[in-house]
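Okay, so here's the structure we're looking at.
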Amino acid sequence: MVNSGAYYRLVNELSQKGVQLIAVSKTKPIEDILELYNLGHRDFAENYVQELVEKAAKLPADIRWHFIGHLQTNKVKLIAPFVQLIHGVDSLKLLKEINKEGAKNRRVIDCLLQMHIAQEETKFGLSAEELEQLIREAGSLNLEHVHIKGLMGMASFTDDISKVRSEFNKLKEIFDQLNSGLLTSDSRLLTLSMGMSSDYQVAVEEGSTMVRIGSLLFGERPGK
Ligand SMILES: *Cc1c(COP(=O)(O)O)cnc(C)c1O
């Protein structure tokens with residue numbers, strides 16, 4: 001079931017700040033997605049390829065599907081025909097594969113590069129140096145079927161707000177640095193995807209342009 005009150009509050013709060021809301025529907029049934037769709041929402045995110053593909057086949061074609069999980073190169077082809085934005089790109093190999101599948105599908109696929117900002121070891125993502133190197137390499141390869149649209153990051157899972165804030169702040173700083181230094185006006189990064197149910201307000205205060213929210217809209221997931 002969708003918490004429609006929470007949805008309207010979020011839409012109201014975020015639209016005032018020009019922040020885009022992505023509804024994270026992983027593990028949630030088709031019915032829940034349709035419920036939010038019927039309230040007018042179109043941007044949904046999943047973190048498993050198989051689940052995304054199955055749900056997309058059963059749901060209205062005008063849904064914009066975001067992929068927010070760790071994408072394996074051999075699965076790119078399954079989402080390349082329709083995916084709106086791939087949030088977690090963290091290697092040149094993956095970027096090249098997305099470019100290849102983009103070409104096959106005659107489209108330019110929007111991607112965000114994932115930066116590692118949390119102190120936890122388990123989180124995927126690039127360091128600031130790797131990020132800059134990847135952008136340079138991608139630029140020199142002229143990958144015509146991918147568009148690096150911005151950055152994505154996840155803060156530590158902690159109640160320590162000041163720690164979360166400093167991690168988001170670091171990502172925003174890198175985002176601004178890349179835009180003012182390395183990148184030309186037509187390759188500028190526009191999207192900064194940071195913030196989830198528990199920390200989106202801090203993320204927005206620190207400059208997020210896109211938040212990925214699941215449990216606040218759909219309720220807690222089992223095992224969380
Ligand atoms: C699950 C997930 C979210 C949403 O988490 P909530 O806490 O339910 O809002 C956001 N981003 C990523 C990458 C996720 O995997």
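A few comments on the model shown:
- Residues in the stretch 62-114 that are of a type in the set (D, E, K, R), open to solvent by less than 40 Å² (accessible area, probe 1.4 Å) and in a loop (DSSP other than H, G, I, E, B): Asp90 only.
- Scan the stretch 115-147 for residues that are within 16 Å of Gln177 (Cα to Cα), in a strand (DSSP E or B) and touching a residue at least 40 places away in the same chain (Cβ under 8 Å) and the total you get is 1.
- Out of Gly102, Gly69, one residue alone is under 18 Å from Met194 (Cα atoms) and small (Gly, Ala, Ser). It is Gly69.
Each row is one residue, and each column tells you yes or no for (1) β-branched (Val, Ile, Thr); (2) modelled with pLDDT of 90 or more.
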residue	(1), (2)
Cys111	no, yes
Met115	no, yes
Leu126	no, yes
Ile135	yes, yes
Ile148	yes, yes
Met154	no, yes
Leu183	no, no
Asp186	no, no
Leu189	no, yes
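- Taken together, Asp199, Asp159 contain a single residue that is acidic (Asp, Glu), within 16 Å of the ligand (Cβ to nearest atom) and open to solvent by less than 30 Å² (accessible area, probe 1.4 Å), which is Asp199.
- Lone unmet requirement of (1) part of a helix (DSSP H, G or I); (2) more than 14 Å from the ligand (Cβ to nearest atom); (3) in contact with a Gly (Cβ under 8 Å, 6 or more places away or on another chain) for Leu171: (2)
The values are calculated or read from the model by the stated rules, or taken from the named source; none is laboratory data. Here the structure is a predicted model, which means the values were calculated and not measured. FYI the Cβ positions are ideal-geometry reconstructions off the backbone, even for glycines, and counts take in every protein chain you see. These accessible areas exclude ligands, DNA and RNA; they are computed on the full protein's heavy atoms, side chains included. Shrake-Rupley method; radii C 1.70, N 1.55, O 1.52, S 1.80 Å.
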